[in-house]
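Student: Got a structure for you, written out below as structure tokens; questions coming shortly.
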Amino acid sequence: MLKMNYWTDKWDLHVDVCPCDVHFNDWVKARKLKNKLIYHFGTGTHHVIGIKQATNKSGNAVFAITASKEEYDSYVELSTNKAKVTKSYLAYFGDIYLSNPKLLPEFDVVTMFHLCEFFFPNTASKAYGGLDDAKLLDLFTAKTKPGGYILFYTRSIAYPRAFPIIEKWAKKGHVKRVGEFKTLLVYRKTK
């Protein structure tokens, strides 16, 4: 049996380098989104999306994944020290490419900020049983409610690899490009 692919590092909040999570919170505020279920790909040790959405009185809830042991440990510490946050913010440790649709509810908003950033040659192999990036995007699109949003980070180090996948995905006709917000590319699910 193969070991899980995981990230052997962590990401602290460096807004000057990677502002996507902060820009996402700004987008939620600008859209005045309330009582939404958000799926977030990549928590960082800062958990800025989960914390903000749990404390801004929006009623939004965040379900997030991290493939970093250090980032998950920081969630455990956050949960221990600020228990109320966990009422609206749940982070789990895992490989998003092993996502099982049976374990996922339908979401109002999905962030795919880190699409194509994690390259493990065995991810989509039969032995590992994971998805490639295109199939991952299809899975989370299927788990997005009609009228829901799917967002990408245009300054990701992998955006040049992700953009052709996004273009091909958009041509399937189940989403419509809404536009850009700061460093984010925003689509809305039509069907």
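The values are calculated or read from the model by the stated rules, or taken from the named source; none is laboratory data. Keep in mind that what you see is a predicted model, and the values were worked out from it rather than measured. Virtual Cβ from ideal backbone geometry, glycine too; neighbours counted across all protein chains shown.
Student: Using beta carbons and a limit of 7 Å, which pairs, at least six apart or on different chains, have the first residue in the range 10-29 and touching a residue at least 24 places away in the same chain (Cβ under 8 Å) and over 16 Å from TYR187 (Cα atoms) and the second one in a helix (DSSP H, G or I) and among the β-branched types (Val, Ile, Thr)?
Tutor: What qualifies is LEU13/VAL48; ASP21/VAL48; ASP21/ILE49; VAL22/VAL48; ASN25/VAL48; ASN25/ILE49.
Student: Continuing with this model, one more query. Any residue in the range 95-124 that's at pLDDT below 95: show its pairings with residues that are among the charged types (D, E, K, R) at Cβ separation under 7 Å, as long as the two are six or more apart or on different chains.
Tutor: Pairs found: THR123/ASP132; ALA124/ASP132.
Student: Now a separate question. Just the residues that are assigned to a helix (DSSP H, G or I) and buried (at least 20 other Cβ atoms within 10 Å of the Cβ), please, taken from the range 48-71. Reasoning before the result, please.
Tutor: The initial filter retains those residues of the range 48-71 that are assigned to a helix (DSSP H, G or I), namely 48-55, 69-71.
Scanning the range 48-71 gives ILE49, GLY50, LYS52, GLN53, ALA54, GLU71.
Student: Being within 25 Å of PRO146 (Cβ to Cβ), among the basic types (Lys, Arg) and crowded, with 16+ Cβ neighbours inside 10 Å narrows it down to one residue among LYS36, LYS29; which is it?
Tutor: Numbers: LYS29 fails: crowded, with 16+ Cβ neighbours inside 10 Å.
After ruling out the rest, the residue left standing is LYS36.
Student: Mind telling me which of the residues LEU98, LEU37 ends up being out of contact with any Ser or Thr (no Cβ under 8 Å at 6 or more places or on another chain) and farther than 22 Å from ASP133 by Cα?
Tutor: LEU37
Student: Just the residues that are more than 26 Å from ASN5 (Cα to Cα), of a type outside the set (Val, Ile, Thr), over 15 Å from the mean Cα position of the chain (by Cα) and not in a helix (DSSP H, G or I), please, taken from the range 124-176. Give the derivation first.
Tutor: Initially, the range 124-176 is screened for residues more than 26 Å from ASN5 (Cα to Cα), giving 145-149, 167-168, 170-176.
Checking which are of a type outside the set (Val, Ile, Thr) leaves us with 145-149, 167-168, 170-174, 176.
Now drop any that are not over 15 Å from the mean Cα position of the chain (by Cα), which leaves 145-147, 167-168, 170-174, 176.
LYS145, PRO146, GLY147, LYS171, LYS172, GLY173, HIS174, LYS176, listed by residue number.
Student: Now a separate question. Kindly provide the set of residues from the range 94-114 that are among the charged types (D, E, K, R) and either over 16 Å from the mean Cα position of the chain (by Cα) or in a loop (DSSP other than H, G, I, E, B) (or both), ordered by number. Show your work before the answer.
Tutor: Our first condition is that a residue be among the charged types (D, E, K, R); within the range 94-114, this holds for 95, 102, 106, 108.
Across the range 94-114, the qualifying residues are ASP95, LYS102, GLU106.
Student: Sticking with this structure for a sec: State all residues of the range 80-93 that are surrounded by 15 or more Cβ atoms within 10 Å (Cβ to Cβ) and assigned to a loop (DSSP other than H, G, I, E, B); if no residue qualifies, say none.
Tutor: SER88
Student: Now a separate question. Identify, from the list GLU77, GLU117, the residue that is among the acidic types (Asp, Glu), assigned to a helix (DSSP H, G or I) and surrounded by fewer than 22 Cβ atoms within 10 Å (Cβ to Cβ). Before the answer, list the steps.
Tutor: Numbers: GLU117 fails: assigned to a helix (DSSP H, G or I).
Unique residue meeting the criteria: GLU77.
Student: Additional query: Kindly indicate whether LEU185 is assigned to a strand (DSSP E or B), at negative phi and surrounded by 13 or more Cβ atoms within 10 Å (Cβ to Cβ).
Tutor: Values: assigned to a strand (DSSP E or B): yes; at negative phi: yes; surrounded by 13 or more Cβ atoms within 10 Å (Cβ to Cβ): yes.
Considered against the rule, which asks whether it is assigned to a strand (DSSP E or B), at negative phi and surrounded by 13 or more Cβ atoms within 10 Å (Cβ to Cβ), LEU185 comes out as yes.
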